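> Below you'll find the structure I mean.
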Amino acid sequence: CADQALYCAKECGRNQFYFFNEQMQSEAEKVAELCNALQFAIENREFELHYQPLVCAKTHRILNVEALVRWRHQGKLIMPDEFIPVAEASGLIIELGRRVRLEAMKTLLDFHALGIDVSMSVNVSTFEFWSHDLQSCLISSIINSGNELKPDGFPYHKLTLEITESLLMKEQVHLVNSLNKLRELGIQIAIDDFGTGYSSLSYLKEFPVDTIKIDKSFIRDVQDQKQAALLTAIVALSRALNLKVTVEGIETCLQLAFVSEKNVDFIQGYFFHRPLEKDALFEVLTANLKGESSNPSML
Ligand code: C2E
Ligand code: MG
Ligand code: MG
Ligand code: MG
């Protein structure tokens, strides 16, 4: 391409060349910078968790909260979509993921100690499953947590790991074993962003999972008949396979009314709660425990 400056055309075996243009170079520099900043941020504990409730579809009571990581960097709050891909590509996700899980598990125990019975969901990158044994990693981080957490007494059945379909695309014995080991502890597995991964549905019979979390794109426009039909079909499929169903991204009364007729188990979305800092979550959970509804139109 005539207007692209050729910085480097390094021969790498017969007939193979790498071309870098200016734009690619500046992008590579940005990624390298972000990578260094992430490394620094991990060491300096710049990451924090916010928690977004999942409510029971029938009662609107909070049953579960999802831990969502944020990066507090130079006074700004940076959202995960901006740094998770680089953390994954650089391998830093391993350490970040470990810390996120540990923090989320501590929060879960803190709430239980206060008499608040709630479950915790944590997102896990595909990359984390490929690169290590998550069950051993989880147990060893509990052991190394300075005795705050104890592997034997931990309420694993109150923990859900959210994985994405991309993890399940490749049939891997290793992965089935890995999920089974987590489930033996009592941990639940949810498939996040379901319906966006373009994968074969047959994985639903191969892999041991508990919950399907239907992606928010399926409920954005519930007046669209085709979209409504897809949502109905996914719920029916999940029911037939004995899986629980969460719908995420509920923002409006109309969307809520629509999913309320669909026999789903859990609902998550800005309509009920945005992701909250731990203190704010505590207040919401306490109010919830006293019987206050999460439904803003009933307050
Ligand atoms: P996700 O796991 O699907 O999380 C749901 C995302 O949708 C969150 O964005 C949440 O704030 C947002 N959301 C919730 N309700 C609504 C709604 O009603 N409307 C709209 N438009 N959005 C809603 P967030 O926190 O920016 O996270 C984005 C993604 O980053 C997550 O998607 C997850 O894939 C990833 N992520 C977050 N925390 C972690 C983490 O600790 N580890 C890993 N590996 N990934 C994480
Ligand atoms: Mg999630
Ligand atoms: Mg999702
Ligand atoms: Mg996602």
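The values are calculated or read from the model by the stated rules, or taken from the named source; none is laboratory data. Since this is a predicted model, take the numbers as computed values, not measurements. Neighbour counts are summed over all protein chains in view; Cβ atoms, including those assigned to glycine, are modelled from backbone coordinates with ideal geometry. Surface areas here come from the heavy atoms of the whole protein model, side chains and all, with no ligands, DNA or RNA. Shrake-Rupley method; radii C 1.70, N 1.55, O 1.52, S 1.80 Å.
> Of Ile187, Thr164, Ile139, which is farthest along the charge dipole of region 118-226 in the positive direction, counting Lys and Arg as +1 and Asp and Glu as -1 at C-beta?
Towards the positive end, the residue furthest out is Ile187.
> Note down the nm distance, to one decimal, between modelled labels 7 Å out along Cα→Cβ at Glu251 and at Asp81.
Each label point lies 7 Å from its Cα, and together they span 1.1 nm.
> Moving to a separate point now. Could you give the semi-axes, largest first, of the ellipsoid that matches the chain, computed as the square roots of 5 times the alpha carbon gyration tensor eigenvalues and rounded to whole Å? Walk me through the intermediate numbers first.
Working: eigenvalues 235, 126, 91 Å².
The three semi-axes for the chain are 34, 25, 21 Å.
> Under a point-charge model restricted to the Cβ atoms of Lys and Arg (+1) and Asp and Glu (-1), what is the dipole moment magnitude of the chain relative to its Cα centre, in debye to the nearest 20?
Numbers: 29 positive and 40 negative charges, 147 e Å.
It comes to approximately 700 debye.
> Leaving out ligands, DNA and RNA, and with a 1.4 Å probe, what % of the accessible surface on the chain is carbon or sulfur? Kindly include the intermediate steps, with their values, before the conclusion.
Values: 8370 of 15930 Å².
Exposed carbon and sulfur together represent 53 percent of the surface.
> So what is the 222 nm mean residue ellipticity for the chain from helices alone, if each DSSP H run of at least 4 adds -39500 (n - 2.57) and you divide by all residues, rounding to the nearest 500 deg cm²/dmol?
On the way: 11 runs with 127 residues, N = 299.
The helix contribution divided over the chain gives -13000 deg cm²/dmol.
> Which part of region 185-215 falls in the paramagnetic zone of Val176, meaning amide N under 15 Å from the point 7 Å along Cα-to-beta-carbon?
So the set is 202-209.
> Right, next: Would you list, by chain and number, the aspartates and glutamates whose Cα falls below 12 Å from the Cα of Lys106, excluding same-chain residues fewer than 8 positions away?
Glu148
> When the Karplus curve 6.51 cos²θ - 1.76 cosθ + 1.60 is applied with θ = phi - 60°, which whole-Hz ³J(HN,Hα) does each residue of region 176-188 get, with x for Gly and Pro?
4, 4, 4, 5, 4, 4, 5, 6, 4, 6, x, 5, 9
> As a quick test, which of the pairs Lys262/Lys290; Lys216/Lys290; Lys150/Lys262; Lys30/Lys181; Lys150/Lys213 have an alpha carbon distance above 32 angstrom in this structure? Please list the in-between numbers first.
On the way: Lys262/Lys290 28 Å; Lys216/Lys290 30 Å; Lys150/Lys262 40 Å; Lys30/Lys181 39 Å; Lys150/Lys213 30 Å.
Too far apart for the 32 Å limit: Lys150/Lys262; Lys30/Lys181.
> Give me the 1.4 Å probe accessible area per residue for region 103-146, excluding ligands and nucleic acids, in Å².
Numbers: 1670 Å² over 44 residues.
The answer is 38 Å² per residue.
> Taking the Cα centre of region 60-171 as the origin, how large is its charge dipole in debye, to the nearest 20, when only Lys and Arg (+1) and Asp and Glu (-1) carry charge on their Cβ atoms?
Working: 11 positive and 15 negative charges, 70 e Å.
Dipole size: approximately 340 debye.
> OK, next. What is region 154-299's relative contact order, in percent, from Cα pairs under 8 angstrom and six or more apart in sequence? Present the calculation step by step, with values, prior to reporting the outcome.
Working: 185 pairs, mean separation 24.4, N = 146.
RCO, region 154-299: 17 percent.
> Can you work out the PRE-style zone for Ser136? Point 7 Å along Cα to Cβ, and I want the residues of region 81-102 with backbone N under 12 Å.
Within reach of a label on Ser136: no residues.
> State to the nearest 20 debye the size of the charge dipole of region 70-121 about its Cα centre, where the only charges are +1 on K and R beta carbons and -1 on D and E beta carbons. Walk me through the numbers on the way to the answer.
Details: 7 positive and 7 negative charges, 34 e Å.
Using only the charged Cβ atoms, the result is roughly 160 debye.
> Turning to a different aspect of this structure: Which far-off residues, 5 or more places away or on another chain, put their amide H under 5 Å from the one on Asn64, with H placed in the peptide plane?
HN-HN under 5 Å from Asn64: Leu54, Ser119.
> Once amide H atoms are placed 1.01 Å from N in the peptide plane, what residues at a sequence separation of 5 or more from Leu276, or on another chain, have their amide H within under 5 Å of its amide H?
Result for Leu276 returns Tyr51, Gln52.
> Considering the options Asn263, Ser202, Ala37, tell which one lies farthest towards the positive end of the dipole of the chain, charges being +1 on Lys and Arg and -1 on Asp and Glu at the Cβ, about the Cα centre.
Projecting each Cα onto the dipole axis, the largest value belongs to Asn263.
> If you don't mind, there's one more thing I want to ask. Which percent, nearest 5, of DSSP beta bridges in the chain are antiparallel? Intermediate results must be reported in sequence, preceding the final value.
Numbers: 18 of 41 bridges.
Once the DSSP bridges in the chain are tallied, antiparallel ones form about 45 percent.
> To the nearest 10 degrees, how steep is helix 80-90 against the longest Cα principal axis of the chain, on a 0 to 90 scale?
The angle comes out near 50 degrees.
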